[in-house]
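**Q** Here it is, the structure, as structure tokens.
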Amino acid sequence: HIVGECGRRGQGKEKAPPAAPDTEIRVPLGTIVRDAKTGVLIGDLRTPGQKLVVARGGLGGRGNLAMRTERDRCPGFAELGEKATPRWVDLQLKMIADIGIVGMPNAGKSSLLASITNAKPKIADYPFTTIVPNLGVCVLPGAERRSIVLADIPGLIEGAHNGIGLGQAFLRHVERCRILLHVIDGSSEDPIKNFNCIQNELKLFSPKLAAKPQVILINKMDLPSARERWPTLQKELQEQAGHKRIDAISAATSTNIMPIMVRLRSMLDKMPPAELDEELQEKTEEEIQREEALMRKKAGKQHERHEVISRGPGVWELVADQGLKRLIEMTNFDYSEAEERFFYILRVSGVKESLSRAGCKQGDTVVMAGREFEFRDDSTMMEIIAKEDGNWF
């Protein structure tokens, strides 16, 4: 639970108080932010230094100088500060990498990453050594010092798309990779079965993921058993995969790895720019709010936007828009001058007309933004009943 600082109180002699500093939270690239209550997309942080506002602080109340009119040159009231809107957000990380390394547990994915980058993944001779994704940057030879970002995804097993093993928690990380590097243990009992198992899990999790370009690497060529079966294995995998992007490597001895990285860089250069995730081709919260504001503007006069709902005999609720909520919240009802200004704004904005048209009568209770008012069919329009926020409906 993160709480931002409060702004300072107003000062005399027409001095504006200092605003509170922004509260910033650092998150990894690839973080998707959604409203926890509605599930609406707030934003997607993909570029270094990108910032996203997820919770805005309230506006500071204006001092009595801003309340002056031609008739009242020295008003005795000021606005209250607007309360900030609390919210819970869901953060989901989808790592951003050029290449996603996939394969069965103990196929040598972490060894491959460690052999070409400065990443230090845990490496051991038992399955599921890697339990979190690891990122590494491979710097290619040459004066240009070009690079590739690789993500080592924890080992997948049959049923991973349903959450078995490390399952869905990590399959989503390869969705943003442009090429999949499928590592197969050439010394395993049945490499073809292992290949088909991973392909099936990718397809069941997301057909779009399974359709990504793949390069298949048969690892552990430093072992005699893997070297002996390599020619046959290469032909069988070409038939199964439907392409010839299959090669042999040894992560333990770094054999044939860097030439493959150079070819992968060439593949990436020829590919079109990465597209936005299909699931994120939805409207963000900010876009929705802009469209709603445009629709309200096209709706015409302001009073036509006031929705009045009957909540029982003599009880009405005026559904307040953001402007009305802010007006109610920032009005200091302890001062009669502030009340008069508040009711004047309601009259000229068409609220009284909307209530009368709905059937609201003298003495009825009107609830707006959690506050109760008694309706009056005269120049005062209303009288406040409850000064504290209520929880009516």
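The values are calculated or read from the model by the stated rules, or taken from the named source; none is laboratory data. None of these values were measured; they are calculated from a predicted model. Virtual Cβ from ideal backbone geometry, glycine too; neighbours counted across all protein chains shown. Surface areas here come from the heavy atoms of the whole protein model, side chains and all, with no ligands, DNA or RNA. Shrake-Rupley method; radii C 1.70, N 1.55, O 1.52, S 1.80 Å.
**Q** Trypsin sites (Lys or Arg not before Pro), restricted to region 71-108: which are DSSP loop and have at most 14 other Cβ atoms within 10 Å?
**A** 71, 73, 83, 87
**Q** Got a sec? What order do 316, 88 fall in by accessible area at 1.4 Å, biggest, i.e. largest, first?
**A** 88, 316
**Q** Treat every Asp and Glu Cβ in region 19-89 as -1 and every Lys and Arg Cβ as +1, leave all other atoms uncharged, and give the resulting dipole magnitude about the Cα centre to the nearest 20 debye.
**A** In debye, rounded to 20, region 19-89 gives about 80.
**Q** Could you point to the residue in 75, 65, 110 farthest towards the positive end of region 9-118's charge dipole, with +1 and -1 charges on the Cβ of Lys/Arg and Asp/Glu respectively?
**A** 75
**Q** Continuing with this model, one more query. Once you place label points 7 Å from the Cα toward the Cβ at residue 236 and residue 92, how far apart are they in nm?
**A** Here the modelled spin labels are 3.7 nm apart.
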